[in-house]
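S.K.: Questions regarding the structure given below will be posed in turn.
Read-outs: derived from the displayed coordinates by stated rules, not from any lab. Everything numeric in this text was worked out from a predicted model, so none of it was measured. Note that each Cβ is placed from the backbone with ideal geometry, even for glycine, and that neighbours are counted across all protein chains shown.
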Amino acid sequence: MEAPKLQNVVGRAKSIPILAWRGLSQLLWPAVCDNCANDICETDNNLCTTCWDQLITCTAGDYCPRCGRDASRYGLVAGACAACQAEEFHFDGIARAGVYHDALQQMILAFKHDRSELASVLAPLADAALQGSRFHRDIDLFVPVPLHWTRRLLRGYNQARLIARQLSHPRARISTDLVRIRRTQAQPVVATPAARAKNVAGAFTVRADHRFAGQTVCLVDDIKTSGATLNECAKTLKEAGATRVYALVLAVAGQRTL
Ligand SMILES: [Zn+2]
Ligand SMILES: [Zn+2]
């Protein structure tokens, strides 16, 4: 009976410096929201209530499993919403964490510029979307949409790969055998869907020793706008022998048909 009591005393004694350190660090470096930098409590899970509310709103609601735009599941015809009925995709379906708006948009922009630590908030959102997708169990390989090596060098990381590394799956692994061989303009600068498609045409290839043949692949990216980049990646992967290609993104922009 003495041992547990002693353990409790030792445990409490050990926790005193930790609590003191937490109190001191809160005083010296008060916790701030990861998105808007407003003051928060240590227990607020990195974001203030306004940003959490915005994030929850951005990630709520049904979407089209073919193009990722907002859509009621009851409004789908043959698995496609009205906006994408006439569109052709090389990818076979998509899962999204939310819409490109408010706090989610601000965090993605910060994440892809220099704040790689935001992966700890954003990746769980992508993972939840993946777990809820109809293709989750079929995936053999996760393929982060690659950056051109010059952009990767300047940024220091590929944001899509940081997300892919935190996805949970019983067997799928990450492949980096899809590569970008041509620098392209940032897609939002290019206006029309046709121009966006032309901007990325031929921009990707696979490494000589790739293992995409017969595999079900899930592309991972931060934003889908027109879908031109995902489409070109999916086309390249299917030419390399992938059986099916799905996409997982943090956010879908361009909710209207362009
Ligand atoms: Zn905030
Ligand atoms: Zn659709």
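S.K.: What number, in percent, do you get for the relative contact order of the range 141-248 if the mean sequence gap of Cα pairs under 8 Å and at least 6 apart is divided by its residue count? Present the calculation step by step, with values, prior to reporting the outcome.
M.R.: Numbers: 170 pairs, mean separation 33.6, N = 108.
Reported relative contact order: 31 percent.
S.K.: How long are the semi-axes of the equivalent ellipsoid of the range 56-213, taking √(5λ) for every eigenvalue λ of the Cα gyration tensor, in whole Å from largest down?
M.R.: Rounded to whole Å, the semi-axes are 24, 20, 19.
S.K.: Per 0.36 nm of contour for each residue apart, how much would the distance between H113 and L153 grow if the chain were fully extended, relative to their Cα-Cα spacing?
M.R.: Roughly 13.2 nm would be gained on extension.
S.K.: Now for a separate question. So if we plug the beta-carbon distance of E42 and A128 into 1/(1 + (r/R0)^6) with R0 = 25 Å, what FRET efficiency do we get, rounded to 0.05?
M.R.: In this case the efficiency is close to 0.55.
S.K.: Taking only C-alpha pairs under 8 Å that are 6+ residues apart, what is the relative contact order of the chain in percent?
M.R.: Relative contact order, the chain: 20 percent.
S.K.: What list of ³J(HN,Hα) couplings, whole Hz, do you get for the range 85-91 from phi and the Karplus terms 6.51, -1.76, 1.60, once you set θ to phi - 60° and write x for glycine and proline?
M.R.: With the stated coefficients, the range 85-91 comes to 3, 8, 8, 10, 10, 8, 8 Hz.
S.K.: Report the full-extension gain for the segment I181 to Q85: residue separation times 0.36 nm, less the Cα-Cα distance, to one decimal in nm.
M.R.: 31.4 nm
S.K.: Give me the percent of DSSP beta bridges within the chain that run antiparallel, rounded to the nearest 5.
M.R.: 25
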